[in-house]
Each structure stands twice: as structure tokens, then as C-alpha cells.
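One structure is given below, encoded as C-alpha cells.
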């Protein structure tokens, strides 16, 4: 593991919030009943195949990929057989947990100040990170510095919409009868709109190639709601709930956005 000077597992933004949500919830990233492993079972069946397809369709052969805000290393492990992945996280403790689970070469550094030379990577992945940093534009600018011309920037992040406020903030974090997430996990004001995200990409020399959404399959809504109720009652854990909530890539970006752009300048 490499620790870059200036990193801190408790860095806070101007609102006083921890800028990486991995500091807000305890427990191991790779424990079956842990909160973080639930994110793996919930998101990775949708996001990892999407990222894999983007990299492979882009005709990148054994590419060098940087995984920014890698956390426990779920995405890094999911791409490890098609790319040489360098995971980066700002939390030393999280990096230790990731390496203990078998994630190799974790670098500890801040997302907007990374210790790599220009045009080092063929692709940079930034998944569920932009909503947790004080300046997402600075993170995208740093990705643009690190991606070789023609390389990819792959992202996933919640969208700032009325739907995400109701579903991800009010229902999931605030309302007593429905909340299943920590109350400070997300701040809706830190989400980007689709237009804001596209604008940041274009300002930093990226050309959007594809943007889609992440949501529950229509036929899976009854089972997904039942899973949330069972989780709320303590009948199942986060990991099992994640498996039963059938997320997929969708056309609608009402809740979340996933996509990729290539560097053109």
C-alpha cells in the first residue's frame, strides 16, 4: 500500500461533512452482514458489467485503469481480469481493509490531488464518489490530467432531482418508518444534475459517449419493496437486501446516472 502525504481519513468539506462516506459507517467492507458489503450486492450487478463493456467496447487491450474512491475495492476486483487496476482511496483504514480482502496496490491519496503523472492511465473510474467530495469539478479535472488522449472517464453518481430527494434522502435516510441508511450518508445538495455533470465533463476536455440511469427493474418492484421492509424489520441484512433489490441500467436518470466519456483535448 502506498500512502501519499496529505491524505486524511477524516477530511471534511466546508459544511463539516466527511467527504468520503466510508468514514460514516463502521464494519468491514467484505463481511457478509456488513453495511458496505450490501452496497456490493446492490450496485455491482449493474455498474460493473456496464464499466466492463465500456472498456472492452473501447478496444482497450489490458488497459491501465485508475479506480478513484475505491473503498473496499469492489469495482477494482470486478475489473481485475480485464485491466491492470490501481485503486485509490483517501482513507488509510479503508485501504488497509481492502488490501486485507485481497485488493492489490491500494494508494492512499485525495481524489483531486493524485500522485501520478499526466496521461498515465487509459481509463479512470469514479463510481459513487462525486457526491462525496467538496469539489467534483476538481476531481474531474484531475481525471482529465491523468487520462491519456482518447482514454475514458467512467462514472456513476446520484442525480439531483425531485425523485432522488424523495427516494434516496427522505425515504432512505430521514423518514422514521422507512429509513434504512445513516442520516448523514448523502446530502442532496451535493448531488449533480445531468446538465451540471455534462458541463463539467465538457469543460475538462471530455466528450460524453453514453449516459444512462440506474434503477429497479419494473417487474422487480414488489420484491424490492419487500426486501426493504424485511431489512427495516431486521429479518435480513444489507447484503441479502442488496441481492433482492434488482438494480439495472435504465434509460431514466431520475435517481442516478452512470456513463462514460472520452478525453478529446
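The values are calculated or read from the model by the stated rules, or taken from the named source; none is laboratory data. These figures come from a predicted structure and were not determined experimentally. Every residue, glycine among them, receives a Cβ derived from its backbone with ideal geometry; neighbour counts consider all protein chains shown.
A quick yes/no check of all residues on (1) without any contact (Cβ under 8 Å) to a residue 12 or more places away in the chain; (2) buried (at least 21 other Cβ atoms within 10 Å of the Cβ); (3) touching a strand residue (DSSP E or B) at 6+ places or on another chain (Cβ under 9 Å):
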{"residue": "102", "(1), (2), (3)": "no, no, no"}
{"residue": "116", "(1), (2), (3)": "no, no, yes"}
{"residue": "133", "(1), (2), (3)": "no, yes, yes"}
{"residue": "146", "(1), (2), (3)": "no, yes, yes"}
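Based on what the data block shows, is residue 197 in a helix (DSSP H, G or I), within 30 Å of residue 119 (Cα to Cα) and touching a helix residue (DSSP H, G or I) at 6+ places or on another chain (Cβ under 8 Å)? It is true that residue 197 is in a helix (DSSP H, G or I), within 30 Å of residue 119 (Cα to Cα) and touching a helix residue (DSSP H, G or I) at 6+ places or on another chain (Cβ under 8 Å).
Can residue 42 be described as touching a residue at least 12 places away in the same chain (Cβ under 8 Å), surrounded by fewer than 23 Cβ atoms within 10 Å (Cβ to Cβ), touching a helix residue (DSSP H, G or I) at 6+ places or on another chain (Cβ under 9 Å) and farther than 27 Å from residue 264 by Cα? Yes; evaluated as a whole, the condition is true for this residue.
The rows are residues; the columns are (1) closer than 29 Å to residue 58 by Cβ; (2) at pLDDT 95 or above; (3) outside any strand (DSSP E or B).
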position: 179; (1), (2), (3): no, no, yes
position: 201; (1), (2), (3): yes, yes, yes
position: 208; (1), (2), (3): yes, yes, no
position: 221; (1), (2), (3): no, no, yes
position: 229; (1), (2), (3): no, no, yes
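Restricting attention to region 205-243, the residues that are without any contact (Cβ under 8 Å) to a residue 60 or more places away in the chain, surrounded by 19 or more Cβ atoms within 10 Å (Cβ to Cβ) and out of contact with any strand residue (DSSP E or B) (no Cβ under 9 Å at 6 or more places or on another chain) total 3. Any residue that is closer than 19 Å to residue 126 by Cβ, modelled with pLDDT of 85 or more, assigned to a helix (DSSP H, G or I) and under 14 Å from the mean Cα position of the chain (by Cα) - is there at least one of those in region 8-31? Scanning region 8-31 turns up no residue that is closer than 19 Å to residue 126 by Cβ, modelled with pLDDT of 85 or more, assigned to a helix (DSSP H, G or I) and under 14 Å from the mean Cα position of the chain (by Cα). The set of residues in region 97-148 being in a helix (DSSP H, G or I) and touching a helix residue (DSSP H, G or I) at 6+ places or on another chain (Cβ under 7 Å) consists of 130, 131, 132, 136, 137, 139, 140. Of all residues in region 181-194, those satisfying the criterion of being in a helix (DSSP H, G or I) and more than 19 Å from residue 262 (Cβ to Cβ) are 188, 189, 190. Filter region 155-178 down to the residues that are touching a helix residue (DSSP H, G or I) at 6+ places or on another chain (Cβ under 7 Å) and either free of Cβ contacts under 8 Å to residues at least 40 places away in the same chain or loosely packed, with under 14 Cβ neighbours inside 10 Å (or both), then identify the one that is nearest to residue 251 (Cα to Cα). Result: 160. Checking the structure you have, find out if any residue of region 70-89 is over 20 Å from residue 44 (Cα atoms), buried (at least 24 other Cβ atoms within 10 Å of the Cβ) and more than 13 Å from the chain's Cα centre (by Cα). Checked against the condition, which is being over 20 Å from residue 44 (Cα atoms), buried (at least 24 other Cβ atoms within 10 Å of the Cβ) and more than 13 Å from the chain's Cα centre (by Cα), region 70-89 yields no hits at all.
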